[in-house]
Amino acid sequence: MNRFFIDNAKIVDSHTEIIGHDAGHILRVLRLGIGDSIELCDGAGMDYPTTIVETDKDRLRVKLGEGRPSKGEPSIRVTLYQGIPKSTKMDLIVQKCVELGIYRIVPLDTARTITKLSDPKKAKKRVARWQKISEEAAKQSRRGIIPKVDVPISYSSMAESASHSAKIILWEGERDVALRQCLERAKHSSGSKADIGIVIGPEGGLDHDEVVLAKEHGWETASLGSRILRTETAGMAALAATMFYMEEME
């Protein structure tokens, strides 16, 4: 069944309106009309079977059935703190991590970040693009939420203020602790309610001082193995491994 996101606040007496691009897609591309069914998600983890009851040029009104929890939403929450990469690599990172079940993505300005987004207008435009990619990926993968992509923050701000039940930095300098060990601790301490933060450096990785700062604030370093992964690969690999180990792929 065709599925779309709606604003939960606009549901009134089990009815809501769909306007704009989604309405045009439903009416002119899918060629649906009165009496046809679609599925709506409120962006807060609930899905609704829906029947079209009224249509106009770029608007339609629907009646919602009984809501049910979205099957595509993980019970754990994983936030990716991603060192901003060059070019359009962030587009791919956002798309694939949303498909894999990420809860939130926070772009990081690190010591070795090449692409700087210090200009507020430039940053706002880039984040809007990433948020749109997140929305499209959430639709495609039948997520129950549209993961938020934050405005970029400094590495030091992240290291000092982030609060998660497990705080993990994937660092190529770590030789003794594997990601699996960190996840094992998170699984035993928080189970299906685990709130995990994962840090990935940009091209060139994190410098030693950044790792030291994070450790001072409760972060632990972990390895993804002996192979060195590109920044656009590392986050996806870590997230896939986390979802598998925390039993979110069963």
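The values are calculated or read from the model by the stated rules, or taken from the named source; none is laboratory data. Worth saying up front: this structure is predicted, and the values here are computed from it rather than measured. Heads up, the Cβs are rebuilt from the backbone with ideal geometry, glycines too, and the neighbour counts pull from every protein chain shown.
Below are the figures for this structure:
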| read-out | value |
| --- | --- |
| Answer from 123, 162 - the residue that is in contact with a Gly (Cβ under 7 Å, 6 or more places away or on another chain), of a type in the set (A, V, I, L, M, F, W, C) and surrounded by fewer than 19 Cβ atoms within 10 Å (Cβ to Cβ) | 162 |
| Criterion (within 20 Å of residue 137 (Cα to Cα) and either of a type in the set (Val, Ile, Thr) or modelled with pLDDT of 95 or more (or both)) met by exactly one of 93, 11 | 93 |
| Residue within region 180-198 that is β-branched (Val, Ile, Thr), in contact with a helix residue (DSSP H, G or I) (Cβ under 7 Å, 6 or more places away or on another chain) and in the same structural domain as residue 230 (by TED's automatic domain parsing) present | yes |
| Yes/no for residue 141 being farther than 21 Å from residue 229 by Cβ and either exposed (fewer than 15 other Cβ atoms within 10 Å of the Cβ) or of a type in the set (Phe, Trp, Tyr) (or both) | yes |
| Conditions (1) exposed (fewer than 14 other Cβ atoms within 10 Å of the Cβ); (2) closer than 24 Å to residue 113 by Cβ: number failed by residue 244 | (2) |
| Condition met for residue 173 (in the same structural domain as residue 108 (by TED's automatic domain parsing), assigned to a loop (DSSP other than H, G, I, E, B) and either surrounded by fewer than 17 Cβ atoms within 10 Å (Cβ to Cβ) or aromatic (Phe, Trp, Tyr) (or both)) | yes |
| Options 61, 68, 28; residue that is free of Cβ contacts under 8 Å to residues at least 60 places away in the same chain and surrounded by 12 or more Cβ atoms within 10 Å (Cβ to Cβ) | 61 |
| Matching option when the condition is touching an Asp or Glu at 6+ places or on another chain (Cβ under 9 Å) and among the basic types (Lys, Arg), among 129, 227, 180, 175 | 129 |
| Out of 133, 93, 168, 145, sole residue that is assigned to a strand (DSSP E or B), assigned by TED's automatic domain parsing to the domain that holds residue 225 and of a type outside the set (Gly, Ala, Ser) | 168 |
